[in-house]
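Inspection log for the structure reproduced underneath, given as structure tokens.
The values are calculated or read from the model by the stated rules, or taken from the named source; none is laboratory data. Computed from a prediction, not measured in an experiment: that's the story for all the values here. Cβ atoms come from the backbone with ideal geometry, glycine included; neighbour counts cover every protein chain shown. We work out accessible area using only protein heavy atoms, side chains counted, and drop any ligands, DNA or RNA first. Shrake-Rupley method; radii C 1.70, N 1.55, O 1.52, S 1.80 Å.
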Amino acid sequence: MTRYSTLVELLCDRAQNTPNQTAYTFLSDGETEAGTLTYGELDQQARAIATQLQAITTPGDRALVVYPYSNSLEFIATFFGCLYAGVIAVTDNPPRNLEGINQLRDRVISTQCTIILSTQQLLDQVQKNIKHLPELATQWAALPHIATDTVAKGNENWTAPDLGPDSLAFMQHTSGSTGTPKAVMVSHQNLLHNSQLIYQCFEHHEQSRGLMWLPLFHDMGLVGGVIQPLFGGFPVMLMSPISLIQKPFNWLQAMSKYQITTSGGSNFAYDLLCQKVSPEQRATVDLSHCEVAFSGAEPIRAETLDRFMELFGPCGFRREAFYPCYGMAETTLFITGGRKTEAPIILNVERAALEQNKVVISASETARPIVGCGRVWLGDQLQIVNPETSLACQTDEIGEIWVAGPGIAQGYWQKPEETQQTFQVHIAETGEGPFLRTGDLGFVREGELFITGRLKDMMILWGRNHYPQHIEQTVEKSHPAL
């Protein structure tokens, strides 16, 4: 287990022992190096920001941290500046329109933020966009703002906060796909345990090299792309998700150029590469250095893995590099993953049985392939439970996924009832727990977790279960235009 009790201890140690090692490099357009941060520079910037925060806040205060995707390095410095000040960062997506600004206001109100941290340009842009809305403009102006890109980086009179493993580090909101977004409270212990999990599962080492295009304000980008490289002591290249959407080839080009060993994203991103990268472009990249190409955050399709392997196998990509995994905001990030050296496990399950919450392995044409998402590690627990009775399911039954372990977050901010209903449940017949109810459905076969859908998304028609991702897939295949 890690010898650190907080992320502040971790960064201070890196800055003291390897101050000149490059930690983060940002590719402004997905191709051009636009800035770097060493551990020493990050420590210095974090101290400078923390000094300003400590002058106007108290430990435990919440700060809204919102940055454009083009300011990834500034976001990282500010995030650690909050940690250095003992202030709880509330990270969020940069607003693209008035709806996004209203969402930020809701975040501020629901978490009682006492300060807003961003770039001067974004703060000015928001002020300009809401000047014709007096109520919103007044609410926005009532909070102190710090444009951290204007903070001087000198020798600061920083005081280390009194923090421990159980101290809150930051809050990340749930996606809101099946309800109102809730602020998940993540502690230093949660982050360090989850980092240890990822480090062990991905078999990272000091010679690893990461690449992250996912947004840094949420779990996969923040924990996987910022905290994991710091924890492992290896460098990471960062690019904007907009760069990926505009030119998907940038992702592969950067992986080849910088000999990246770890990268990944959601299933749609792999589909995007298959659709948009030309044969001429494929001929110019070398993916032989890739050891981990993780896939998560949405249903992982077996046909996507097959198609990607068909197109990019000739580029040196190995099927064993695919790393299906599973996680969510309430678990910091990571829940399950497989063995790094093994190819993804795929089971063909009879569709009619799935509709009845049963698992029947089949080789028939009506079977549906389901990609395994690995198993739990480091003593974490996982149970498949009937969501209505709270009784443990049999091995051939589909049920709700319940998990337990040090990576489980502390609950929802100021929502005690929902916290109890989600984070503090027990198995009915044994009293075992507490567990976190994930809201996801699946089954376990020989220790491997297979996810079939989400409980709140599932539709029951004429006694049969229908999952939206399966309907979506059917519609996509019904006509070339879709």
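Observations on the model:
- Per residue, the convex hull spanned by the Cα atoms of segment 344-391 amounts to 90 cubic angstrom.
- Estimated FRET transfer efficiency when R0 is 30 angstrom, pair ALA481-GLU31 (beta carbons, to 0.05): 0.40
- Label-reachable residues, segment 208-237, where backbone N falls under 19 Å from a point 7 Å from PHE268's Cα toward its Cβ: 212-222
- Equivalent ellipsoid, the chain (semi-axes from 5 times Cα gyration tensor eigenvalues, Å): 36, 27, 23
- Relative packing of peptides 424-431, 235-242, 7-14 - highest average C-beta neighbours within 10 Å first: 235-242, 7-14, 424-431
- Extension gain, LYS247 back to ASP124 (0.36 nm per residue minus Cα-Cα distance, nm): 41.4 nm
- HIS193, HIS205, reordered so the largest accessible area comes first (probe 1.4 Å): HIS205, HIS193
- Summarising the label geometry, the points placed 7 Å from Cα in the beta-carbon direction at ALA152 and GLN381 lie 5.5 nm from one another.
- For the chain, the share of DSSP beta bridges that are antiparallel, to the nearest 5, is 60%.
- Only helices reaching 18 angstrom along their own axis (Cα) with mean Kyte-Doolittle hydropathy no lower than -0.5 count here, and for the DSSP H runs of the chain these are 39-56, 72-85, 98-111.
- Using the Cβ-Cβ distance between THR138 and GLU418 with R0 set to 30 Å, the FRET efficiency works out to roughly 0.45.
- Expressed as a whole percent, the accessible surface of segment 1-90 that belongs to carbon and sulfur atoms is 44, based on a 1.4 Å probe.
- Here the Karplus curve 6.51 cos²θ - 1.76 cosθ + 1.60, taken at θ = phi - 60°, turns the phi angles of segment 375-385 into couplings of 9, 7, 9, 6, x, 5, 10, 9, 10, 9, 10 Hz, with x standing for Gly and Pro.
- Relative contact order [Cα under 8 Å, 6+ residues apart], the chain, whole percent: 11 percent
- Long-range amide H partners of TYR323 with built H, under 5 Å: ALA293, PHE294, SER295
- Between the amide H of ASP286 and those of SER256, distances stay under 5 Å, these residues lying 5 or more places away or on another chain, with hydrogens modeled in the peptide plane.
- Accessible surface, the chain, averaged per residue in Å² (probe 1.4 Å): 43 Å²
- Lys-Lys pairs in the chain that are eight or more residues apart or on separate chains and whose Cα atoms lie under 29 Å of each other come to 17.
- Rounded to the nearest 10 Å², the accessible area of LYS257 at probe 1.4 Å: 130 Å²
- Mean-position separation - Cα centroids, segment 114-151 and segment 220-294, in angstrom: 33 Å
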